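What follows is a short report on a single structure.
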Amino acid sequence: MAHVRDIMQKNVITIEHDKTVLDASIVLREKEISFLVIIKKGKPVGVVSERDIVQKIAAKDLKSSSVLIEEVMSKKFKWVSPDTVIEDAVQKMLNNNIRRLIILEDEKLVGVITQTNLAEFLRSKLLINAMIDNIDSEKY
């Protein structure tokens, strides 16, 4: 059975809690990513996505350089450990209607999994199963 550690991205882009929304937006653009993990004293304290910035800053016509990232971050982020079975992580994502899960080990950020990671994993699993079925059908 596959675990989260098998598919998680280990290089997670983070930003300190005391930076501005403008700072976060620049990192998102430069790294071509859609979310950041917010760090305080070396520990994750929240996440912020492009969607958060659009809904909480742009749609309210606020000045991004005047708003701290901790004012718009989601503090109730969901997480799992690297030992979590992938099916359980998927269920957590579905139950909470979220696109990404933070991976923590001993309260330290060690990775993230996204819907894209899960789709890639599923695709490879389906291709392998199809190949096995094809081999089995050729035997008979």
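The values are calculated or read from the model by the stated rules, or taken from the named source; none is laboratory data. All values derive from a computational prediction rather than experimental measurement. Methodologically, a virtual Cβ is constructed for each residue, glycine included, from the backbone with ideal geometry; neighbour enumeration extends over all protein chains shown.
General observations
- Options K78, K41; residue that is of a type in the set (D, E, K, R) and in contact with a strand residue (DSSP E or B) (Cβ under 7 Å, 6 or more places away or on another chain): K78
- Scope segment 83-119; condition within 21 Å of G46 (Cβ to Cβ), at pLDDT 90 or above and in a helix (DSSP H, G or I); matching residues: A89, K92, M93, N95, N96
- Filter result for I33 (among the β-branched types (V, I, T), in contact with a strand residue (DSSP E or B) (Cβ under 8 Å, 6 or more places away or on another chain), in contact (Cβ under 8 Å) with a residue 12 or more places away in the chain and within 17 Å of I102 (Cβ to Cβ)): no
- Total residues in segment 60-82, condition part of a helix (DSSP H, G or I) and under 18 Å from I26 (Cα atoms): 6
The rows are residues; the columns are (1) surrounded by 14 or more Cβ atoms within 10 Å (Cβ to Cβ); (2) of a type in the set (D, E); (3) under 15 Å from T114 (Cα atoms).
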site	(1), (2), (3)
K10	no, no, yes
K19	yes, no, no
I38	yes, no, no
K43	no, no, no
Q55	no, no, no
S64	yes, no, no
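- Residues in segment 94-105 that are out of contact with any Ser or Thr (no Cβ under 9 Å at 6 or more places or on another chain) and within 21 Å of I38 (Cα to Cα): N96, N97, I98, I102.
- Condition met for S65 (polar (S, T, N, Q) and either closer than 15 Å to V110 by Cβ or touching a residue at least 60 places away in the same chain (Cβ under 8 Å) (or both)): no
- Some residue of segment 77-87 being of a type in the set (G, A, S) and buried (at least 17 other Cβ atoms within 10 Å of the Cβ): no
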